[in-house]
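S.K.: One structure is given below, represented as structure tokens, and several questions about it will come after.
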Amino acid sequence: MQKLWFSIFFIFIFAKGFSNPMQLYETGKKYQQQEKWYDAIEYYQSALAENPSYNLVFQGLAECFYALSEYDQALSFVQKALVYKRNSSELQGLHGFILIGLGRLSEAKQIFSSILKTYPNNLSARFGLAEIEVSAGKLLSATALYEAALARQNDNRKALLSLALISYESGQPEIARDYINRALRYHGDSPQVHYFAAYLAAMDSDNVLAENRARAALKLNAEYDSAKALLASVLYAQGRYKEAVRISDDRISRNRNIADAWYLKTLSQLKNRDIKAAMQSAKVGLSIDPENEIMRAVLEEIAIDNLNFEDNYRKRLAQFHVEKANAFSNRNIIQPALYEYRRALKVYPYDVESRYAYAKLLLRLGYQERYLEQLEFIQSITKSNTKVNDAVETYSKRLSTSLQSKWNINPLYLDKGHISIALFYQLDPSNVFHPEAEKVATKMIADIFSYNRRFTINSYIAKPHNYRDAFKTARTSGNDYFGIVHLYETERDIKMSIDLYVARTGAHAKTFSVFRSANDRYANALRRLAQMLAKSMPHVGKIVKRYQSEALIDLGKNDGDYSNTEFQVVEKGKIVFAREGIGIVFSQDDVLGSFIPKKTNEDLTSGTLKRKGYYDRMNTGDYIITTIKEDTDIKTEIKKNKSGKSVEVQQDLITLNKQEPILLKLLRTIRQFDR
């Protein structure tokens, strides 16, 4: 009897072990269909541990890593799957899509073309060729390929959704609505179709329809987290902050590590004036995702606005930037170091050690006056040590022969901001990860410009502005230009841009666009965008003092490199900013002469005046203007905006070389590997 029970037990265990890989695979497949990629990967890996040659598991892993944009890992698994099923058109197609993700477009095109030779009606291969066209920015060609697929199967879900997205991106919202309605008619039982219908409705600012579609998606799939995130964002946009908190809490209850849910909860609590709860939510969100730069910026702004200068938590927050600044400084990476020190001191101004380190960095760059200013600030907030006191004494004596001493002028009291720019922002409804990230970015750009005294920056961040309201506000406030900040991000990268307009006419001046990925992408994009905007502007100064043929102007080496430069001197009150584009207009009759620099300090330059004509009419207050040096890291193109108007666009070369079309990322979220 014992032998019989032992035999039965052995057979049971053996059978269970034998069937285990299949059960693990089926569980992984179920999670994959729910887009729970990490759970699916865990079960697939477990199945693979039991059966190292399980072909379907290799395919499932390739699809999951493709969905996570880990294309190199996806490639490894699809190649293993192809060892067992080399002639599978499905696996070959997956291989092609992964190669597109890796940027190996020619190889991908060969694969899809080969599939179509054997199977002319293979829609997946046509979709692959279409994605290649989208990667190259050829939306018209991509549309033709999707339409050809639709002609073969008029209810194909991927074709309908893809055409809806491309039509919207091409500035054809009516056609996009037609495609999405057809998708709803044929696939009303698909939560993903309702999700994209909600997404496009949100992009059209039809929040009521977006809410209804998102709720329909959730009715079909209560676990659809992307739909919950979109619904919470739509509720927030409608001012229904308590409901947005409830949806965020529901997401958090299912997965506490969703950082964007904590972010939206923070914003909603801020709108409800529950500052303490908002700060706590932001703290938790940041602890979950310490590299989330936008979450960190929001938390820092809450602390700056609501905690005392000397609050210890502000000091702890600033330490993050201090450590980064020190690391950059030690590696002689100057601009990021300056940015991080300045941000640290904005969060916690009383950090003496960091301020001293920042001062030494300024001195390393040759800015003795700013070095002295920082040391004198240290003396004003604490009992300074001998090292600081000796340095103040030394540099005070050294600067006694500077231009500001010779001409008896304190640059701190000069109004150097001769170009005024108003900054506004517009919300992108598709920013589900960080709604109102544009607002945060606008404030941070203004903070960066606060260290560039050539400009007067007025940021209007109380609410988003459309073009009409921004134009009216900027013009009536007397600004020279106004810019509208746009931002779009995915989990891995960010695109930031400023549409710049002339304030007196409302005409388009230029568009600046930056794309960044990987770590520090937010800070890098902010710095680069501010740099591009500043470099595009003319250099305008004034004569602040003159003695015979010598004069002093309010531009210095902190404003630009003026070696081998000759300025035009224009009578005060006689310049206007060009009615479109970036530039200054004045009559040659109002040019009084020229100014040739000889000695430059940080904020001041002395030189010689050379009159035009017989009479010397140059006086204090007259403008001095020089031409702009081109930024070699920028490419300028003429492009059509969504209204069909040609506009000048400046793109960072990194943007041109590395940017992946955001539309492509949306297309990839449409499920295509249904098994």
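S.K.: Output the qualifying pairs, or none if there are none: Cβ atoms under 6 angstrom, residues six or more apart or on different chains, first residue in segment 460-472 and under 23 Å from L270 (Cβ atoms), second residue in a helix (DSSP H, G or I) and of a type in the set (S, T, Y).
M.R.: I461/T442
S.K.: Among the residues of segment 438-447, is any part of a loop (DSSP other than H, G, I, E, B), touching a residue at least 60 places away in the same chain (Cβ under 8 Å) and not small (G, A, S)?
M.R.: Within segment 438-447, none of the residues are part of a loop (DSSP other than H, G, I, E, B), touching a residue at least 60 places away in the same chain (Cβ under 8 Å) and not small (G, A, S).
S.K.: Could you check segment 76-87 and list, in sequence order, the residues that are out of contact with any Asp or Glu (no Cβ under 9 Å at 6 or more places or on another chain) and within 18 Å of Q32 (Cβ to Cβ)?
M.R.: Passing the criteria: S76, K80, A81.
Yes/no matrix, rows are residues, columns are (1) modelled with pLDDT of 95 or more; (2) exposed (fewer than 15 other Cβ atoms within 10 Å of the Cβ):
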position	(1), (2)
Q192	no, no
A214	yes, no
K219	yes, yes
K228	yes, no
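S.K.: Return yes or no: is R104 surrounded by 17 or more Cβ atoms within 10 Å (Cβ to Cβ), out of contact with any Leu (no Cβ under 8 Å at 6 or more places or on another chain), modelled with pLDDT of 90 or more and closer than 20 Å to A67 by Cα?
M.R.: In short, no.
S.K.: Among the helices (runs of 4 or more DSSP H) confined wholly to segment 263-353, which include 3 or more residues that are under 28 Å from Y367 (Cα atoms), not assigned by TED's automatic domain parsing to the domain that holds Q531 and not small (G, A, S)?
M.R.: 312-330, 334-347
S.K.: Pull out all pairs, ordered by first then second residue, where Cβ-Cβ is under 7 Å, the residues are six or more apart or on different chains, the first lies in segment 371-386 and is closer than 13 Å to K360 by Cβ and touching a residue at least 24 places away in the same chain (Cβ under 8 Å), and the second is among the charged types (D, E, K, R) and in a helix (DSSP H, G or I).
M.R.: I378/R355
S.K.: Which ones in segment 271-286 are over 21 Å from Q238 (Cβ atoms) and of a type in the set (D, E, K, R)?
M.R.: Residues satisfying the conditions are K276, K283.
S.K.: Now for a different question. Does L139 count as at pLDDT below 90 and touching a Ser or Thr at 6+ places or on another chain (Cβ under 6 Å)?
M.R.: So L139 fits the description; yes.
S.K.: For segment 297-314, which residues satisfy the criterion of being under 17 Å from I381 (Cβ atoms), surrounded by fewer than 17 Cβ atoms within 10 Å (Cβ to Cβ) and out of contact with any Lys or Arg (no Cβ under 9 Å at 6 or more places or on another chain)?
M.R.: F309, E310, D311, N312
S.K.: Same structure again: Out of everything in segment 250-270 that is without any contact (Cβ under 8 Å) to a residue 40 or more places away in the chain and of a type in the set (A, V, I, L, M), what residue ends up being nearest to V234 (Cα to Cα)?
M.R.: A261
The values are calculated or read from the model by the stated rules, or taken from the named source; none is laboratory data. Owing to the predicted nature of the structure, the values given are computational and were not obtained by experimental measurement. Cβ atoms come from the backbone with ideal geometry, glycine included; neighbour counts cover every protein chain shown.
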